[in-house]
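All remarks here apply to the structure that follows.
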Amino acid sequence: MLAAYEKYKGKWAGIYESVMLSNPLEDEERFRGWIEEAIEKGEVKGFKAYMEESGKQKENRMKAARKEAKEAVEMAKELGVDDQLFGKGKGKGGKSGGGEDALAALIQKRQAGRGDFFDHLETKYAGNEAKKSKGKGKKRASEDEDVNGMPSEEAFQAAAAKLKKGKAGGEETDGRKAKRAKR
């Protein structure tokens, strides 16, 4: 927070824009206490924009913050998420634990919905690929084949011996006649 004060030379607009989740309506006095303590200790310089801020300037800043808060509420109503963000009718005092908590919950809910959507697409299209490949005649692996579908050395030697025996004796191996190649 003090880094933002120094970076923007005491201008509140810059401080609130750079300090994450800061709100002029809620954080003004707390920030002012830290800044004044740091100025007294000599940790930071007392910038003119901060030291000579008039009451009117402060009131204008607060008025703008209230206007922005009102616009946020209106936009939430327009989008239909005001109950989820501001928790009307839930919990103690009509609030469900604060705007940030409700916003985080809403974001997580939407992200989960996106995840479900992508899972659905993956299932839908991966399922079709699996169905297409099932009927395309993949042959079963026999016990004599290794992981790559190649026969083991023993199975290869047995098949080669069977072929040699069939050619030498003039017999056909499985009862079918062999076709002779034309020369």
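Things to note:
- Proxy reagent accessibility, fewest Cβ within 10 Å first, across 16, 125: 125, 16
- Across q = 0.15, 0.17, 0.19 Å⁻¹, region 2-115 modelled as identical point scatterers on its alpha-carbon atoms has Debye log10 I(q)/I(0) values of -0.80, -0.91, -1.01, in the order of the q list.
- Based on Cα contacts under 8 Å between residues 6+ apart, region 2-115 shows a relative contact order of 17 percent.
- Cross-link table 9/41; 70/109; 7/63; 11/63, entries beyond 21 Å C-alpha to C-alpha: 70/109; 7/63
- Residue exposure proxy: 117, 86, ordered by other Cβ atoms within 10 angstrom of their Cβ from fewest to most, comes out as 117, 86.
- As a rough footprinting exposure proxy, the listed residues 36, 122, 29 were ranked by other beta carbons within 10 Å of their own, and the order from fewest upward is 29, 122, 36.
Here, each number is a calculation from the coordinates, and none is a lab measurement. Values in this document were obtained by computation on a predicted structure and should not be read as measured data. Glycine gets a Cβ as well: all are built from the backbone with ideal geometry, and neighbour counts include every protein chain shown.
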